[in-house]
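Notes for the one structure printed next.
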Amino acid sequence: MSFAADAGSAIASLAEYLRNSEQGEGAVIRQPPMRDLAESLELEKHIAQGGLTGKAFSGFLERYLAATTRLRLFLVLAAEGEAALGRYVEQRVAFARAAAERIRREPGFEVAIEPESNIICFRTEGSDDLQLELRRRLLESGRHYLTTTAFRGRRWLRITAMNPGTTLEDIGRLLAELRGFISEAGDLLPEG
């Protein structure tokens, strides 16, 4: 069964903020979460006045980010509909699988597992320290963004493919940049 075919029940099973208690269990809210918008505007007022610092700012920022995330989800659903959101998710998973295949074909790289979502975990030959160093250099370059994760006792580079504009050519450029960094980081490469 595709995500799009089951989008309604998938969305209804999400966090509590998507349900309206007056509509019964699992009903999806069809109006904007105005409290979230009010919290977002309230934060902007406090920042403009310079009144939030330290723990107060940290707590308010956490609520603000959660509120804007819920608002963005609502706006996407309202504008595009559940089926469009489902198609987007399916496209991102398909892209992740194609990107993983592209990485697998690159000598010296391996993919942790076949992607089941929009996340691709991969690494190059070498130590965990090399993976961390490659990430550091990549972030410093400013051309690509990725994180790392631990899986099966090893450090892996991790791409989250969210942007529908990301292409396999972008993955190729990322791999080429990593190859350049690998050649510069010889002391972290395995001996042999």
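The values are calculated or read from the model by the stated rules, or taken from the named source; none is laboratory data. On a predicted model such as this, the values are computed, not experimentally measured, just so you know. Glycine also receives a Cβ, built like all others from the backbone with ideal geometry; neighbour counts cover every protein chain displayed.
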Among the residues of the range 143-151, is any charged (D, E, K, R), surrounded by fewer than 13 Cβ atoms within 10 Å (Cβ to Cβ), without any contact (Cβ under 8 Å) to a residue 40 or more places away in the chain and in a helix (DSSP H, G or I)? no
Cβ pairs under 9 Å, 6+ apart or interchain, first in the range 77-93 and under 15 Å from T166 (Cα atoms), second among the charged types (D, E, K, R) and at pLDDT below 85, ordered by first then second residue, are Y88/E80
Pairs under 6 Å by beta carbon, first residue among the aliphatic types (A, V, I, L, M) in the range 97-123, partner buried (at least 16 other Cβ atoms within 10 Å of the Cβ) and not in a strand (DSSP E or B), six or more apart or different chains? A99/I171; A100/P115; V111/A100; V111/I103; I120/A96; I120/A99; I120/A100
Between T148, T160, T124, which is closer than 13 Å to L174 by Cα, at pLDDT 90 or above and among the β-branched types (V, I, T)? T124
Scan the range 94-145 residue by residue and report those that are over 17 Å from N163 (Cα atoms) and either aromatic (F, W, Y) or not assigned by TED's automatic domain parsing to the domain that holds L168 (or both). F109, F122
